[in-house]
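The block underneath contains the structure these notes are about, expressed in structure tokens.
The values are calculated or read from the model by the stated rules, or taken from the named source; none is laboratory data. Remember, it's a predicted structure, so these values are computed and weren't measured experimentally. Note that we place each Cβ from the backbone using ideal geometry, even for glycine, and neighbour counts take in every protein chain shown. Side chains are part of the model used for accessible areas, which takes the heavy atoms of the whole protein and leaves out ligands, DNA and RNA. Shrake-Rupley method; radii C 1.70, N 1.55, O 1.52, S 1.80 Å.
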Amino acid sequence: MNWISDWALPKISGLFKRDVPENLWHKCPACEQMIFRRDLETALHVCPHCGHHMRISAVRRLECTLDSGFSRIELPRAPADPLRFRDQRRYTDRLKEAQAKSAMDDAVAVAHGTIDGQRAVVAAFEFAFMGGSMGAGVGEAIVTAAKLAVLQDAPLIVFTASGGARMQEGAVSLMQMPRTVIATRLVKEAGLPFIVVMCDPTTGGVTASFAMLGDIHIAEPNALIGFAGARVIEQTVREKLPEGFQRAEYLLEHGILDMVVKRGEMRATLARLIGLLRTPLVEAPAEVPPPEAADDLPQEAEATPAKA
Ligand SMILES: [Zn+2]
């Protein structure tokens, strides 16, 4: 028996050990500074030291986007485990575990309410639920959200955070790509805005389907957005990828995104966008000459000599 390690060291460390509950502080994964949990909650899980946007739950996302008093809707149940899939564990066991941990049936929560007094339907992905992967349950959630938006004559806003297709559902998972695309088409056909907010990470089948079809594409700072992983691309194209590849700011610079918005400003930005997109078009003033009066105008086109 080593008395130094078994007896003396625990005694000495016991003397200096302060009784601080472990969950009172949170270490920022980017800058490694310690943040008081309550401050982190107030800052919407954005590091006050370096501005790193940490992942937040779908329910928290709904809370900080919609005005208080919003209603979360119950989603139709998709067939669980259509392929009776099993790897090291049964898919049904993985599902049950994820459901117990997140208090959600699947990886998307849908709610309707108002944002700054304007009606909206919001769907939010829960990355902690099997990596926000898109199986039949998630497809069902997006379809339901889209139908609800049409029914309520409200814009649809989707916060994505997903690793892509849910491999345990195989082809059924892939079928959710066209399903969700068709669902969001319904929103567009009804003349309603469809806004996608890409959160860290938005990849795979979600990027390759409805997430890239929004009227407006917003992302949170430094969010990873792409289809395949950077390493896979690098090995395929056999080229070094540029700095910041697949990050929100890089995609904004290259025209994939319309805006990169900090979490603290997201709500106000969405409210402004909905306001702009939903304002009825101003009717043309009566003094504009009707088309037949155009003959009286000087014909500039004829005066310009044709170029060779
Ligand atoms: Zn930090």
Open item on the list: Only one of Ala230, Ala208 is surrounded by 15 or more Cβ atoms within 10 Å (Cβ to Cβ) and either within 19 Å of Ser162 (Cβ to Cβ) or outside the structural domain of Leu156 (by TED's automatic domain parsing) (or both). Can you tell me which?
Closed with: Ala208
Open item on the list: Any residue at all in the stretch 62-70 that's at pLDDT 95 or above, within 16 Å of the ligand (Cβ to nearest atom) and either under 21 Å from Arg263 (Cα atoms) or touching a Leu at 6+ places or on another chain (Cβ under 7 Å) (or both)?
Closed with: no
Open item on the list: Condition first: within 9 Å of the ligand (Cβ to nearest atom) and loosely packed, with under 14 Cβ neighbours inside 10 Å. Now tell me which residues in the stretch 34-56 satisfy that.
Closed with: His49, Cys50
Open item on the list: Pairs needed: first member in the stretch 41-54, under 15 Å from Leu24 (Cα atoms); second member anywhere, modelled with pLDDT of 95 or more and more than 8 Å from the ligand (Cβ to nearest atom); C-beta distance under 6 Å; at least 6 residues apart or different chains.
Closed with: His45/Met54; His45/Ile56
Task: Every residue from the stretch 109-125 that is touching a His at 6+ places or on another chain (Cβ under 9 Å) and either basic (Lys, Arg) or part of a loop (DSSP other than H, G, I, E, B) (or both) - done: Arg119
Task: Filter pass, Thr236 being touching a residue at least 40 places away in the same chain (Cβ under 8 Å) and open to solvent by 10 Å² or more (accessible area, probe 1.4 Å) - done: no
- [ ] Would you please list the contacts, defined by Cβ atoms under 9 Å and residues six or more apart or on different chains, that run from a residue in the stretch 58-84 that is aromatic (Phe, Trp, Tyr) to a residue that is assigned to a helix (DSSP H, G or I) and open to solvent by less than 70 Å² (accessible area, probe 1.4 Å)?
- [x] Phe70/Leu62
Open item on the list: When you check Gly244 against the structure, is it closer than 27 Å to Thr42 by Cα and of a type in the set (Gly, Ala, Ser), yes or no?
Closed with: no
- [ ] From Arg247, Arg263, grab the single residue that is touching a residue at least 24 places away in the same chain (Cβ under 8 Å) and open to solvent by 70 Å² or more (accessible area, probe 1.4 Å).
- [x] Arg247
TODO: Give the number of residues within the stretch 87-100 that are open to solvent by 40 Å² or more (accessible area, probe 1.4 Å), farther than 30 Å from Thr42 by Cβ and assigned to a helix (DSSP H, G or I).
DONE: 5
Open item on the list: Among the residues of the stretch 116-153, what is the count of those that are out of contact with any strand residue (DSSP E or B) (no Cβ under 8 Å at 6 or more places or on another chain) and over 21 Å from Arg89 (Cα atoms)?
Closed with: 9
- [ ] Name every residue in the stretch 134-163 that is touching a residue at least 60 places away in the same chain (Cβ under 8 Å) and surrounded by 24 or more Cβ atoms within 10 Å (Cβ to Cβ), in order of residue number.
- [x] Met134, Gly137, Gly139, Ala141, Ile142, Pro155, Ile157, Phe159, Ala161
Open item on the list: Among the numbered criteria (1) modelled with pLDDT under 95; (2) open to solvent by 60 Å² or more (accessible area, probe 1.4 Å), which one does Pro82 miss?
Closed with: (2)
TODO: From the list Glu253, Glu292, pick out the single residue that is at pLDDT 95 or above, open to solvent by 70 Å² or more (accessible area, probe 1.4 Å) and over 24 Å from Leu44 (Cα atoms).
DONE: Glu253
Task: Enumeration of residues in the stretch 141-194 that are of a type in the set (Asp, Glu) and either under 17 Å from His112 (Cα atoms) or not assigned by TED's automatic domain parsing to the domain that holds Ala211 (or both) - done: Asp153
